[in-house]
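The structure appears right after this line, and notes come after that.
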């Protein structure tokens, strides 16, 4: 266990290595998932993968506190851009003391991993879901060259809907 700012990290050397990898464009690693280690407030890596939203949403339960670092790509056919997303999930049945301390620990994790294009906190799927993140990614995405928005490796027509609303 290693202290970084105010958070205790289980296996920090591994976390440091994964931090380097997730920032390497060529590396397939896209997702890091952290939770508290048992009943402690030591933050532990519980999953790493090159998956999508569906591969880590299973960790968002009403009794868990979960941090996700997700490297995805946003943009359109002409310009796909790498984006980093930090998700701080605190389930609705998580104890108040855990809820409070997890805010500080999340801030330390964000500092350790660097810049995030999107940071989102939530307690349930009405506050954190793929659609909400996609809409935030569109806003953070920058210039649009066409209507073929991409998110999480797939084409989407959400950008068309948002552009139509913006004109009205």
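Nothing in this text is a laboratory measurement; each read-out follows from the coordinates by a stated rule. Just so you know, these numbers come straight off a predicted model, no measurement behind them. Cβ placement follows ideal geometry from the backbone for every residue including glycine, while neighbour counts extend to all protein chains displayed.
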Q. When you count, for each residue, the other Cβ atoms within 10 Å and take the mean per peptide, how do 53-62, 29-38 rank with the highest first?
A. 29-38, 53-62
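For the residues 117, 23, 134, what sequence is obtained by ranking on other C-beta atoms within 10 Å, fewest first?
Numbers: 117 18, 23 15, 134 21.
Ascending number of Cβ neighbours within 10 Å: 23, 117, 134.
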Q: Order the peptides 39-47, 93-101 from the highest to the lowest mean number of other Cβ atoms within 10 Å of their residues.
A: 39-47, 93-101
(Q) Can you give the log10 of the normalised intensity I(q)/I(0) at q = 0.17, 0.19, 0.34 Å⁻¹, computed with Debye over equal Cα scatterers of region 1-42? (A) -0.53, -0.64, -1.18
